[in-house]
1. So which residues in the stretch 121-145 are in a helix (DSSP H, G or I), farther than 21 Å from Ile98 by Cβ and open to solvent by 10 Å² or more (accessible area, probe 1.4 Å)?
2. Counting only residues that are crowded, with 17+ Cβ neighbours inside 10 Å and within 13 Å of the chain's Cα centre (by Cα), which one in the stretch 1-16 is farthest from Gly109 (Cα to Cα)?
3. Name the single residue, out of those in the stretch 25-61 being among the hydroxyl-bearing types (Ser, Thr, Tyr) and over 19 Å from the mean Cα position of the chain (by Cα), that is farthest from Thr116 (Cα to Cα).
4. May I ask you to list pairs of residues, at least six apart or on different chains, whose Cβ atoms are under 8 Å apart, with the first in the stretch 96-110 being free of Cβ contacts under 8 Å to residues at least 40 places away in the same chain and the second being open to solvent by 40 Å² or more (accessible area, probe 1.4 Å) and assigned to a helix (DSSP H, G or I)?
5. For the stretch 60-69, state whether one or more residues are in contact with a Phe, Trp or Tyr (Cβ under 9 Å, 6 or more places away or on another chain), touching a residue at least 12 places away in the same chain (Cβ under 8 Å) and either crowded, with 17+ Cβ neighbours inside 10 Å or in a loop (DSSP other than H, G, I, E, B) (or both).
6. For the stretch 62-70, does any single residue satisfy the condition of being acidic (Asp, Glu) and touching a Pro at 6+ places or on another chain (Cβ under 9 Å)?
7. Report, by residue number, each residue of the stretch 191-210 that is in contact with a helix residue (DSSP H, G or I) (Cβ under 9 Å, 6 or more places away or on another chain) and either at pLDDT 80 or above or not aliphatic (A, V, I, L, M) (or both).
8. Can you list residue pairs whose Cβ atoms sit under 6 Å apart, with the first residue in the stretch 77-93 being free of Cβ contacts under 8 Å to residues at least 60 places away in the same chain and the second being surrounded by 21 or more Cβ atoms within 10 Å (Cβ to Cβ) and among the β-branched types (Val, Ile, Thr)? Count only pairs 6 or more apart in sequence or on different chains.
Amino acid sequence: MTQATAIIVGASSHLGRELVTQLTQEGTRVGVLVPDPEQMTEFIQSLGGTVEVEALPITDPDGAMAAFENLWQRMGGAHLVLVNTGLNTYHPDLPWQIEADIIKVNVQGFALICNTAFRLLRQQGYGQLAAINSIAGQRGGPAVAYHASKAFAQNYLEGLSMHAQRLKLPITITDLQLGLLDKAAMQQSRFWLQPLPKVAGQILRALKKGKRRAYITRRWALVAWLIRLLPEYIYNTRHWKKKGKH
């Protein structure tokens, strides 16, 4: 039986490392693309040193494409490509540099990696392309560029799925919609903030089922549904704040 192979783009986060750990424990051969491979050395050694690593200059289109193609060749292709890149920074003054950085990583970098992966999967003739996205893309929000970038990612993945269907390609596109974990962490909500092993486990189960879209964890599906339905005068919570006396 052929060994399963997976490439994870952006595996240096806590969630990315947990996904690598669970995949290797299942016997999957894993390759990762990360900004700084040296930061992964100790972690990879703890897994037995079996993980292939490649540096990813996400803001350099030519360099990022070359890095992905290099790892793809070293791996001999992959059954799964999981994209886990994303930048989320908020400042009330909305300085342009922060917005520009988010757009460069979450839009340009994301699209480049997905486009490159789709092209290689098409040449290979099969596979699965998945991305860790966010329900923040359902509506606009205070972190303006971040919310907009997640809406872009959702639509980009849907477009790739439609393209694969038109071409009759056995390529599965999966949009993994994570809940508002940053907000849950700030509120210290144990109900909404689930342990990383559980989050990673649900992601891998959704991937194995070949789902087109999955909410992680599943209870966030209700929140996403409510967000879509709320009229703007309710969704925009600023209208609920009491006006101060003049």
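1. Arg122, Gln123, Gln124, Gln138
2. Leu15
3. Ser46
4. No pair meets every condition.
5. At the first step, the residues of the stretch 60-69 found to be in contact with a Phe, Trp or Tyr (Cβ under 9 Å, 6 or more places away or on another chain) are none.
Within the stretch 60-69 (the criterion being in contact with a Phe, Trp or Tyr (Cβ under 9 Å, 6 or more places away or on another chain), touching a residue at least 12 places away in the same chain (Cβ under 8 Å) and either crowded, with 17+ Cβ neighbours inside 10 Å or in a loop (DSSP other than H, G, I, E, B) (or both)), the answer is no, since none of the residues qualifies.
6. First, pick out the residues of the stretch 62-70 that are acidic (Asp, Glu): 62, 69.
Subsequent filtering for residues that are touching a Pro at 6+ places or on another chain (Cβ under 9 Å) retains none.
The answer is no, given that none of the residues of the stretch 62-70 is acidic (Asp, Glu) and touching a Pro at 6+ places or on another chain (Cβ under 9 Å).
7. Residues satisfying the conditions are Phe191, Trp192, Gln194, Leu196, Pro197, Val199, Ala200, Gly201, Ile203, Leu204.
8. Note: pairs meeting the criteria are Leu87/Ile102.
The values are calculated or read from the model by the stated rules, or taken from the named source; none is laboratory data. Computed from a predicted model, the values in this text were never measured in an experiment. Please note: Cβ atoms are built from the backbone with ideal geometry, for glycine as well, and neighbour counts cover all protein chains shown. When the accessible area is computed, the model is the full protein with side chains, heavy atoms only, and any ligands, DNA or RNA have been set aside. Shrake-Rupley method; radii C 1.70, N 1.55, O 1.52, S 1.80 Å.
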